[in-house]
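First the structure, in the form of structure tokens, and then the observations on it.
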Amino acid sequence: MPINKPGVKSNTLANTKKWVRKFLSAPAELKAYAIFIVIVTIASIMITFVIKGEILTSYRKYFGATAANGYLYSLYFIFALINFNKRTRPLALRFAMVGMLMFAILFNSWMLFFVRNGAGNIELIWTVLVPVFWVLVLFSPRVNRFCENIVTVK
């Protein structure tokens, strides 16, 4: 005989509303980065497993081996930063995201310029310049204020 717990559904709904409220209170930069990460990660996974043969080879020629190489791990950190609690260390979370992006920038630059001796402009833009843009966005003044407010929230 199943045990009926009436509070479980309402508790889940309350937690979802609380998370949505925190997400909506985050600066637009963090929301845009979170949406960008989700879209790029899902698209990269779908492309890797769905597309076969010559199309995948031509895709990799323009966008690199995987488009989400620097973003996949940031997915956890961005949602941990937005869904803060008392134990959240916003500086550590931001440096974790920036560290992943910097690693991707360095690795992709090395691959582009030393292994393949240059590549197309699209690959350079996608694998180096877009992560540099997001690194700069993560240290914008609005994100800095948001992270400072997390520390002061009790």
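The values are calculated or read from the model by the stated rules, or taken from the named source; none is laboratory data. Predicted model, so just to flag it, every value in this text is computed and none were measured. Here Cβ is always computed from backbone atoms with ideal geometry, including for glycine, and neighbour counts include all displayed protein chains.
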> Does any residue of region 61-74 turn out to be touching a Pro at 6+ places or on another chain (Cβ under 7 Å), modelled with pLDDT of 80 or more, surrounded by 11 or more Cβ atoms within 10 Å (Cβ to Cβ) and outside any loop (DSSP other than H, G, I, E, B)?
Replying inline: no
> Right, G118: at pLDDT below 75, out of contact with any helix residue (DSSP H, G or I) (no Cβ under 6 Å at 6 or more places or on another chain), among the small types (G, A, S) and surrounded by fewer than 19 Cβ atoms within 10 Å (Cβ to Cβ) or not?
Replying inline: yes
>> I'm checking my understanding of the structure. Among residues of region 121-134 that are surrounded by 17 or more Cβ atoms within 10 Å (Cβ to Cβ) and within 16 Å of the chain's Cα centre (by Cα), which one is modelled with the highest pLDDT?
In response: W134
> Restricting attention to region 95-109, does a residue exist that is assigned to a loop (DSSP other than H, G, I, E, B) and either modelled with pLDDT under 80 or crowded, with 17+ Cβ neighbours inside 10 Å (or both)?
Replying inline: no
